[in-house]
Amino acid sequence: IDEDLADKARRFMKTEKGKRYYKRRKETVERIFADAKELHGLRYAHYRGLHLVQMQCLMTATAQNIKKIATKLSKVQE
């Protein structure tokens, strides 16, 4: 890791804006990974080999994106 860049990121995380971003990350990014593990079977790899595991992850991400699009579209139609 570029140590200067890591130091810059650490300094940013101590600012008010950085603290707000980090708090928001728990609600958004981390939630997506938790849903993938719990709801979409990403707790364990179902296949062997890098290529097949990458395909599993991409299919899971695709399913999550489709669900997100469907949710947004259903709210628009209400």
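The values are calculated or read from the model by the stated rules, or taken from the named source; none is laboratory data. Bear in mind the structure is a predicted one, so any value in this text is a computation, not a measurement. Here the Cβ is made from the backbone with ideal geometry for all residues, glycine too, and neighbour counts use every protein chain on show. Calculation scope for accessible area: heavy atoms of the full protein, side chains included, ligands and nucleic acids excluded. Shrake-Rupley method; radii C 1.70, N 1.55, O 1.52, S 1.80 Å.
With +1 on the Cβ of every Lys and Arg and -1 on the Cβ of every Asp and Glu, and nothing else charged, how large is the dipole of the chain about its Cα centre, in debye rounded to the nearest 20? Provide the component values of the computation, followed by the final result.
Numbers: 19 positive and 10 negative charges, 73 e Å.
I would put it at about 340 debye.
Run through the stretch 1-63 and list the chymotrypsin sites (Phe, Trp or Tyr not before Pro) located in a DSSP loop whose Cβ has at most 12 other Cβ atoms within 10 Å. Each step should come with its number before you reach the end.
Values: sites: F12, Y21, Y22, F33, Y44, Y47; in loops: Y44, Y47.
Those that pass, being in a loop and sparsely packed, are Y44, Y47.
Need one number: the % of Cα-Cα pairs in the stretch 3-77 sitting beyond the 15 Å mark. The partial results should precede the final answer.
Numbers: 1932 of 2775 pairs.
Taking all Cα-Cα pairs of the stretch 3-77, the fraction more than 15 Å apart is 70 percent.
Please give the per residue accessible area of the stretch 3-77, computed with a probe of 1.4 Å over protein heavy atoms only, in Å².
Details: 6810 Å² over 75 residues.
Averaged over the residues of the stretch 3-77, the accessible area is 91 Å².
Ignoring trypsin sites (Lys or Arg not before Pro) that are buried or in helix or strand per DSSP, and keeping those with at most 10 other beta carbon atoms within 10 Å, what is the longest stretch of the chain between them? Don't jump to the answer; show the numbers that get you there.
Values: sites that count: K14, R43, R48.
Excluding the exposed sites themselves, the longest stretch runs over 49-78.
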